[in-house]
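Step one of this worksheet: look at the structure below.
The values are calculated or read from the model by the stated rules, or taken from the named source; none is laboratory data. Quick caveat, the model's predicted, so the values are computed rather than measured. Ideal geometry is used to build each Cβ from the backbone, glycine not excepted, and the neighbour counts take in all protein chains shown. The area values use the complete protein model at the heavy-atom level, side chains included, leaving out ligands, DNA and RNA. Shrake-Rupley method; radii C 1.70, N 1.55, O 1.52, S 1.80 Å.
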Amino acid sequence: MSTLREQMKDKKRIVVKIGSSSLTHRETGDMDYIRMEKLVRELSDIRNQGKEVILVTSGAIAAGKNALNMKDMRVDSQAETLAVKQACSAVGQARLMMTYQRLFAEYNQVAAQILMTKNTIVDDLNRYNAHNTFSELLQMGAIPIVNENDTIATYEIEFGDNDTLSAVVAALVEADLLILLSDIDGLYTDDPRKNPNAEFISQVDELSDELMGMGKESTGSSVGTGGMNTKLIAARIATKSNVDMVIANSRDIGVLHRILDGGQEGTLFVAKRDESFDLPGFLSDLHKK
């Protein structure tokens, strides 16, 4: 186990995902700029070590709701809900990227925006073009910042959560490591918020059906969309695509450099390439009832 952890030091292409609940203040739902600044500083330092970094970030809809003073607004119909969500995303995504651009510029880094839907991966030409765009940006030394394109995404073409999106990005760019920053320390035998006897699992060598079933009952925070189930789906995508994955707590953003220094942080899901794994097919089937 220690050998696998020590190998984290050699990872060169790293995808980091951070969720809405990690970027906003719990009391108000407003953006937590101190945490964002710490995240940008960590990623910039990783980039300065000669590693390639991709950030998958949530927060556009939350930022838009705040900007439009709609945090507490009730929406009556499903159609209105989607329209409001997409409108808030249009406002919030611009604000979110403006904040990231400014913060990264302070550390002399160039940030680039990439917005994706499920069609980006399912369609062969779109997937090819997306791969080329990522490759070119990384070669140029930029830090791609990825989010789901909530402004146009509908149920048929959405990922639905950024845990899945980050694993898809990691598979697409053939990353060495995916780090999911969450509001939980990692994987437990049960929900530790409900069961004090739940045991922490530091390493997962194989994603069994039993393990996948453990995430079914868990849900995310009131701000985010991903619970443990989405993280285990992300782990399946990542590990089958030969990408190691770590779930760690975003409470201290410094956990990023401790993971990359080989520290025993979070839960490590060990990569196990599956040559028969069909990513576009997997995504096409993901939300089918």
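Of note:
- Residue-level check: of (1) surrounded by fewer than 22 Cβ atoms within 10 Å (Cβ to Cβ); (2) of a type outside the set (Ser, Thr, Tyr); (3) outside any helix (DSSP H, G or I); (4) touching a residue at least 24 places away in the same chain (Cβ under 8 Å), LYS17 misses just (1).
- Checking every residue in segment 99-113 against the condition of being in contact with an Asp or Glu (Cβ under 9 Å, 6 or more places away or on another chain), modelled with pLDDT of 85 or more and not in a helix (DSSP H, G or I) gives at least one match.
- On the stretch given as segment 123-141, residues that are assigned to a loop (DSSP other than H, G, I, E, B) and open to solvent by less than 10 Å² (accessible area, probe 1.4 Å) total 0.
- Segment 179-207 residues that are farther than 22 Å from GLY19 by Cα, paired with ones that are open to solvent by 40 Å² or more (accessible area, probe 1.4 Å) and among the basic types (Lys, Arg) (beta carbon under 8 Å, 6 or more apart): ASP205/LYS272; GLU206/LYS272; LEU207/ARG236
- Cβ-Cβ under 6 Å pairs, at least 6 apart or on other chains, segment 90-103 side in contact (Cβ under 8 Å) with a residue 24 or more places away in the chain, far side open to solvent by 80 Å² or more (accessible area, probe 1.4 Å): MET97/GLN113
- Any chance GLU265 is in a loop (DSSP other than H, G, I, E, B), exposed (fewer than 14 other Cβ atoms within 10 Å of the Cβ), modelled with pLDDT of 80 or more and not polar (S, T, N, Q): no
- When residues of segment 232-253 are limited to those that are open to solvent by 10 Å² or more (accessible area, probe 1.4 Å) and not in a strand (DSSP E or B), the one nearest to LYS38 (Cα to Cα): ASP252
- Exclusive hit being among the charged types (D, E, K, R) and either surrounded by 18 or more Cβ atoms within 10 Å (Cβ to Cβ) or assigned to a strand (DSSP E or B) (or both), set GLU37, GLU42, GLU27: GLU42
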